[in-house]
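Notes to accompany the following structure.
Derivation of every value follows stated rules applied to the coordinates shown; laboratory data play no part. Because the structure is predicted, anything quoted here is derived from the model rather than measured. Backbone-built Cβ (ideal geometry, glycine too); neighbour counts: all protein chains shown.
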Amino acid sequence: MAPDDISRAEADRLRRLDGPARAARTFEVLADRGVLWVWGDEDEVLFTEDAKRRTLLPIWPHAAVARLEHEGEVDGERPMKIPVTVFLTEWLPQLAEDDADISIFPVEERGAAVLTVEEFRARMG
């Protein structure tokens with residue numbers, strides 16, 4: 001397991017939190033560890049769409065929770081580590097240009113906090 005990963009039991013516990021608690025935990029981890037996780041492969045990062053037809057980039061605070069969300073779906077896909085500084089300086093401008101929002105720690109069939117690029121930047125301080 002990667003040093004910035006967590007146990008399966010802890011990942012399961014975090015996944016059971018409600019949306020606001022998962023979002024709060026995500027921002028705590030981002031501030032503490034300085035990294036976030038997205039899902040994809042060497043060519044692409046996974047984006048989703050919500051019921052309002054908004055394009056969303058799902059992010060997770062730990063590789064383990066991202067892996068539990070997508071494990072076994074597509075060969076070659078995996079959690080991808082992004083330093084928060086890189087996310088803020090390179091990814092956020094591109095997301096804004098693409099009119100995409102950010103889904104914070106989504107868990108299948110449970111609501112996730114969705115933030116605009118501006119809201120995400122404000123939460124990061």
> Normalised by the number of residues in the chain, what is the relative contact order in percent for Cα pairs under 8 Å and 6+ residues apart?
Replying inline: 30 percent
>> Let's see if you can work this out: charge +1 on each Lys and Arg Cβ, -1 on each Asp and Glu Cβ, no other charges. What is the dipole magnitude of the chain about its Cα centre, in debye to the nearest 20?
In response: 660 debye
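In the stretch 9-77, what GluC sites (Glu not before Pro) fall in a loop by DSSP, with at most 11 other Cβ atoms inside 10 Å?
Those satisfying the criteria are 42, 44, 71, 73.
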>> Under 5 Å between amide hydrogens, which residues at least 5 positions from residue 45 or on another chain qualify, with H placed 1.01 Å from N in the peptide plane?
In response: none
> Which value, in Å³ per residue, describes the convex hull spanned by the Cα atoms of the stretch 8-124?
Replying inline: 105 Å³
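So what is the calculated 222 nm ellipticity per residue for the chain, using -39500 (n - 2.57) for each DSSP H run with n of 4 or more, over all residues, to the nearest 500 deg cm²/dmol? It would help to have the intermediate numbers written out before the result.
Working: 5 runs with 45 residues, N = 125.
Theoretical 222 nm ellipticity from helices: -10000 deg cm²/dmol.
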> At what distance in angstrom do the alpha carbon centres of the stretch 29-59 and the stretch 65-125 lie from each other?
Replying inline: 3 Å
